[in-house]
Amino acid sequence: MALQEKAYNSIDSIRQKSDACLLFCSLGKDSLVLLDMLYPKFERIVCVFMYFVKDLEHINRWIGWVKAKYPRIEFVQVPHWNLTYILRSGLYCVPNPKVKLLKLADVVKAMQLKYGIRYAFLGMKKADGMNRRLMLNGYEANNYENNGLVYPLADYTQKDILAYMKQHGLPEPVRYSLKASNGVGFNLDCLLWLEKNYPQDLRKIYKTFPMCERVLWEYHNKQN
């Protein structure tokens, strides 16, 4: 079975059960490709973006582009589940032991309950790593669906994703570095990119996580 046909079989199997779905949309390549696939199929799509720092300008610009291209979607922003670990442990901020630790499954369940939608699509791929491969292999017999979580891109590689984007005219999202992970983080590559391109966003990150200012401070000191 062709790769794209397999993905659409997974999507269509859910569409037969529901005209609404959730999409966990990181604004990276995988989730944008998945949104492009889902959009013609479902009457209602609620895109869920998980943030570390809310309302960064470069992120909001991307959200604006997505909402303009896919006008029927609903777009919501919620705190990233990883944020609970960051705040509780005090990574680049004052630790708060009262923060309740969450997992992705907790955020998915909260969104399912809030919007009354059972099926949530995620752009995870076997090619993302060994743990993903082992997990997704277990769902293959069920069209890559497991208890309401659906993974149509499971068999895609990065090359397949890029080919789809080129074929369908999708622009490449923000890349903070040449490394595989493209999300906002406290790594040097991301902070350097923000310093150069969106210093106002960097200042906003410093307000929430003041101690991460040391990452660039140490980098620039080494350059001198």
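For region 80-224, what Kirkwood radius comes out of the mean inverse Cα-Cα distance, in Å?
Over region 80-224, the inverse of the mean reciprocal pair distance is 18.3 Å.
Of LYS67/LYS103; LYS67/LYS125; LYS17/LYS41; LYS98/LYS204; LYS6/LYS29, which ones are farther than 21 Å apart at the Cα?
In this structure, LYS67/LYS103; LYS67/LYS125; LYS98/LYS204 lie more than 21 Å apart at Cα.
Can you compute log10 of I(q)/I(0) for region 77-145 with the Debye formula, treating each Cα as one identical point scatterer, at q = 0.24 Å⁻¹?
-1.05
So for SER89, SER31, what's the accessible-area order with a 1.4 Å probe, most first?
The ranking, largest first, comes out as SER89, SER31.
Cut-off 18 Å, label point 7 angstrom out along Cα-to-Cβ of GLU74: give me the residues of region 104-126 whose amide nitrogen falls inside.
107-122
Would you calculate a helix-derived [θ] at 222 nm for the chain, using -39,500 (n - 2.57) for each DSSP H run of n ≥ 4 and dividing by the full residue count, to the nearest 500?
Calculated mean residue ellipticity at 222 nm is -14000 deg cm²/dmol.
What figure, in Å² to the nearest 10, do you get for the accessible area of TRP65 with a 1.4 Å probe and non-protein molecules left out?
Counting only protein heavy atoms, TRP65 exposes about 80 Å² to solvent.
Averaged over all directions, how much area does the convex hull of the C-alpha atoms of region 1-146 cover when projected, in nm²?
10.1 nm²
Per the 1.4 Å probe, what fraction of the accessible area of the chain, in percent, lies on carbon and sulfur atoms?
53 percent
With labels modelled as points extended 7 Å from the Cα through the Cβ direction, what inter-label distance (nm, one decimal) is found for VAL94 paired with ALA110?
2.3 nm
Using only Cα atoms, tell me the angle between helix 3-15 and the longest principal axis of the chain; keep it within 0 to 90° and round to the nearest 10.
80 degrees
Considering only DSSP beta bridges whose two residues both sit in region 1-144, what percent are antiparallel, to the nearest 5?
Around 0 percent antiparallel, to the nearest 5.
The values are calculated or read from the model by the stated rules, or taken from the named source; none is laboratory data. Since the model is a prediction, treat every value here as computed from it, not as a measurement. For neighbour counting, all protein chains shown are included, and Cβ atoms are generated from backbone atoms with ideal geometry for every residue, glycine included. Accessible surface areas use protein heavy atoms only, side chains included; no ligands, DNA or RNA. Shrake-Rupley method; radii C 1.70, N 1.55, O 1.52, S 1.80 Å.
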